[in-house]
Ligand SMILES: [Zn+2]
Ligand SMILES: [Zn+2]
């Protein structure tokens, strides 16, 4: 399902209840869902052309059909240098705290896509159209977010989710520990993003949040306090 979240920002909801999303921002595909998302993503890209594909991070629910999409549309793949190994090999769970966990094994077997050559890497302050690359490590070592200054649109990846991934109840959450390399570092990345005062937040998991009452900043303050105690 396709929804417009802001000018030239489209949310592609790949699973019921927005549980896995990817986005098209100014002609760039951000993430690609799981391996079986290919048909749905391909169909949408026939109507909304893209010239590049970038990953917030190389987990199975974000790179799942990246190889097929890049091949089908002949577009380059971009990610942060610290995501290159997993992006190119498709060994996506190698930075999990417990790569041998049964859920990690299931994700690798059924969700992950083939590896794909990274054409270009991106780091802090690089621009993707009008979106600035913000390094937000923690959930994974080379996780990035994308921020458009003039209207406050933030593509947050998995630094936070707007859904409980087990119950699917909507609400702000830190990503689950079992899929997160370093939760402390992830909270520091959340604090960095809160300082940007985002207006519209687009998550890898959960519905888009219109941050009218500074809900996001309050959540980050709570996480930070909780983590210090
Ligand atoms: Zn992730
Ligand atoms: Zn994810």
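What follows is calculated from the coordinates using simple rules that are stated; it is not laboratory data. Predicted, not measured: the structure shown is a model, and the values here were computed from it. Every residue, glycine as well, gets a Cβ built from its backbone with ideal geometry; the counts of neighbours run over all protein chains shown.
When each of 127, 15 is scored by the number of other beta-carbon atoms lying within 10 Å, the sequence from fewest to most is 127, 15.
Working note: 222 nm ellipticity from helices only, DSSP H runs with n ≥ 4, each -39,500 (n - 2.57), summed and divided by the residues of the chain, gives -7000 deg cm²/dmol to the nearest 500. Considering all different alpha carbon pairs of region 167-223, the Kirkwood hydrodynamic radius works out to 12.1 Å.
Can you give the FRET efficiency to the nearest 0.05 for residue 71 and residue 170, using r as the Cβ-Cβ distance and R₀ = 41 Å? The formula returns an efficiency of 0.70 here.
Working from Cα pairs under 8 Å separated by at least six residues, relative contact order for the chain is 17 percent. Under a GNM of the chain (C-alpha, springs under 10 Å), which listed residue has the highest mean-square fluctuation: 129, 157, 27? Greatest mean-square fluctuation among the candidates belongs to 129. For the residues 150, 210, 139, a GNM of the chain with alpha-carbon springs under 10 Å puts the largest fluctuation on 150.
Just checking the listed ones, 213, 197, 21: in the Gaussian network model of the chain with Cα springs under 10 Å, the one fluctuating most is 213. Once C-alpha pairs closer than 8 Å and six or more residues apart are averaged by separation and normalised to the residue number of region 104-160, the relative contact order reads 20 percent. Just the number, please: percent antiparallel of the DSSP beta bridges in the chain, rounded to the nearest 5. For the chain, the DSSP antiparallel bridge percentage is about 70. In terms of its C-alpha gyration tensor, region 26-74 has an oblate overall shape, because the principal axis ratio a/c (a ≥ b ≥ c, square roots of the eigenvalues) is not below 1.5 and a/b does not outweigh b/c. Rounded, prolate or oblate: which one fits region 1-93, using the alpha carbon gyration tensor with axes a ≥ b ≥ c (rounded when a/c is under 1.5, else prolate when a/b beats b/c, else oblate)? Because a/c hits 1.5 or more and a/b exceeds b/c, region 1-93 counts as prolate.
Shape verdict for the chain, please, from the Cα gyration tensor: rounded (a/c under 1.5), prolate (a/b greater than b/c) or oblate. Rounded. Cβ crowding within 10 Å, taken as a proxy for footprinting-reagent exposure, orders 48, 187, 54 from fewest neighbours to most as 48, 187, 54.
Using C-alpha pairs below 8 Å separated by at least 6 residues, the relative contact order for region 27-146 is 26 percent.
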